[in-house]
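I have placed the structure first, in the form of C-alpha cells, so that the comments after it can refer back to it.
The values are calculated or read from the model by the stated rules, or taken from the named source; none is laboratory data. Everything numeric here is computed off the predicted structure, so don't read it as measured data. Neighbour counts run over all protein chains shown; Cβ positions are idealised from the backbone, glycine included. Surface accessibility is based on the protein's heavy atoms, side chains included, excluding ligands, DNA and RNA. Shrake-Rupley method; radii C 1.70, N 1.55, O 1.52, S 1.80 Å.
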Amino acid sequence: MAENHRPSETAINLLMVDDEEGYVNVLSKRMSKRGISVTKANSGSEAIQILRRHDFDAALLDLKMEDMDGIEVLKIFKVMAPQMPVIMLTGHGSETTAREGIQYGAYDYLIKPCNLEELIDKIQAACKK
Amino acid sequence: MIAKILIVDADRQAAAVLMNRLKDHEIQAEAVFSAQDAFIKAGQLNYDAVIMDLMTPKGNEVDGITALAILKEKNPDLQIILLTAHANMENSLDAFKRGAFDLIKKPIDIRSLVETIFEAAAQKKIHAQKRIQQEKQARLEAPVGEAKRVRDLMIPHEAYAAVFHEATIFEAVLSLEDAQKNVDQGHDQHRNVLVLNNEHEVVGMLSPLDILCALESKYDNLNNLLKNSSDGLGPEFIQSMMADVDPWRKPLQDICKKAAGLKILDIMHTPKESEYVKADDSIDHAINQLVMGRHQSLLVTDAQDKIIGVLKLQDLFESICNKIKACGI
C-alpha cells in the first residue's frame, strides 16, 4: 500500500516528471511557494518507482523524455493510480500526441513553455475534481 | 541579456544599495519611492520585473498587496517580486493569488534575487506571447470586417525578442537564436529582433541578414555599386562582380574577430520612412505600403510617433485569406 505523502493540510502534492532539470527546478521552486509540494522525477522509470511508494494529488508529465515514451508512462500511471489526474506537458509540434494522451485518460495538456499561472490554475483545478 | 527592472521602496537608501548590487549582475534598475509613482512608471516603460518592498507604500497610500493587484491589473504581463521581512504561508498565498511572481524574505540573498529576476523576465515574455496569441486568435475569429485598423492586426513590441543598442554582437546572436527557436516551435513568432535604446524605445531592427552583411564589409561596396548603377544589372554581370569581390573568402576566424568590434547601433536596420505606419491607419493603407515598398513588415507608431508594434505581411495576409474564405467563392 503506497504511503500517503502529505506534508500539510492544504498543500497539493504533485509528482513532476521531466528530464529537463533546470526547468523542473525553476517550476518546483515557484510552486512550493504557492502551496504545491513537488516531488521531482527525472525520468519515467524513476516516476514509476516513486509512485509505488507514495500517493500524489496530481502528476505533471512531460511527454518528450529520453528513457520512456510519455504515453507509455501515462498508461502505467493510469493503472497504478487511476484517480490521480495527469497533466501532460508537450512541445508545440506534438499536440497530436497530447490529444492521444487525453484518450488514455490524461486530465489535460499544456504546451511548453507555459505560463506559470496557467499551469498552477490547471493543477489546482485538477485537484478539485 | 540585460534585464531592466523597477524597484519600489520607500527606503531610498535601501533602494540605492539594491540598485548598485544588481548593476554588478547586468540588471539595470530604476527606483521609485511610492506606489503612485510605481503605477505611473510601470505604465510608461516596459520593465522585465518590479521588485517591491511590501512595507511600501506607507501612510495614506494603498497597502502593499493592493498596490500589487493594481500593478498587475494595469500591466498583466509584468512580473512582480515582493520583498518582506515576515513571510508566512498565509500572506504568501494571498500575495500569489493577487499576482506576485515571488515573495522573498529579507535579508535578501542577492544571487537568489538575481536568479529570480531572470526567471521573472522569462516568465513575462511567455505571458506576453500567450496573451498576444490569444488576442490574435480572437481577431482572426472575429466577424469579417472588424479588423479595420493597423492596431487590430499589429503585434505589440513587447512580444518581440529585443536587444539593447549597446549590446554586443554575441548578445544579438543569442537573441536571434531565441527568436528562431520560437519559429521552430511553431509559435508563429519572428526571426528578427527589435533594437531598443536605454529608454526601452524601439530604434531599429536586426535580422540574421543584417549580421551576415555586417560581418563581410565587401557587401557594403557591392551595395554602393548596385545603388549607383542607373540601369538594371544582368545576372551574369552580378555573378562576375561576386567572383571579383569574392566575399567570405577569409576563414571564419577572421570574420569573428571582426565581429568583436561591431556595434549593434552600426549594423541594425534603421527603417526608412516608408516602413512606418500609424496604428490608426486603415488596413488598406498598410497593404499599399507593404506592396509598394516590397516590405515584409511595417513598424507601427502611435499618435506621438512612438513605435508600439509591428505589422507583419503574414498576419495581414492571413486576415485577408479569412475574408476570402468567408465569401464562400
Item checked: Per-region count, segment B:308-319, residues touching a helix residue (DSSP H, G or I) at 6+ places or on another chain (Cβ under 8 Å) and more than 18 Å from residue B:207 (Cα to Cα) -> 5
Item checked: Filter pass, residue A:80 being open to solvent by 70 Å² or more (accessible area, probe 1.4 Å), touching a residue at least 24 places away in the same chain (Cβ under 8 Å), more than 22 Å from residue A:21 (Cβ to Cβ) and of a type in the set (A, V, I, L, M, F, W, C) -> yes
Notebook entry, point to check: Within segment B:134-150, is there a residue that is in contact with a strand residue (DSSP E or B) (Cβ under 9 Å, 6 or more places away or on another chain), modelled with pLDDT under 85 and more than 25 Å from residue B:70 (Cα to Cα)?
Noted result: yes
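Condition first: under 23 Å from residue B:133 (Cα atoms) and open to solvent by less than 20 Å² (accessible area, probe 1.4 Å). Can you find one or more residues in segment A:37-57 that meet it?
no
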Checklist line | Selection status of residue B:27, on the phi < 0 side of the Ramachandran plot, modelled with pLDDT under 85 and open to solvent by less than 60 Å² (accessible area, probe 1.4 Å) | finding: no
Next item on the list: Please enumerate the residues belonging to segment B:285-329 that are acidic (Asp, Glu) and at pLDDT below 85.
Entry: B:315, B:318
Check: Among the helices (runs of 4 or more DSSP H) confined wholly to segment A:23-129, which include 1 or more residues that are over 27 Å from residue B:94 (Cβ atoms) and either in contact with a strand residue (DSSP E or B) (Cβ under 9 Å, 6 or more places away or on another chain) or within 14 Å of chain B (Cβ to nearest Cβ) (or both)?
Finding: A:44-53, A:70-80, A:95-103
Next item on the list: Could you tell me whether residue A:86 is within 12 Å of the chain's Cα centre (by Cα), closer than 27 Å to residue B:80 by Cβ, open to solvent by less than 40 Å² (accessible area, probe 1.4 Å) and modelled with pLDDT of 95 or more?
Entry: no
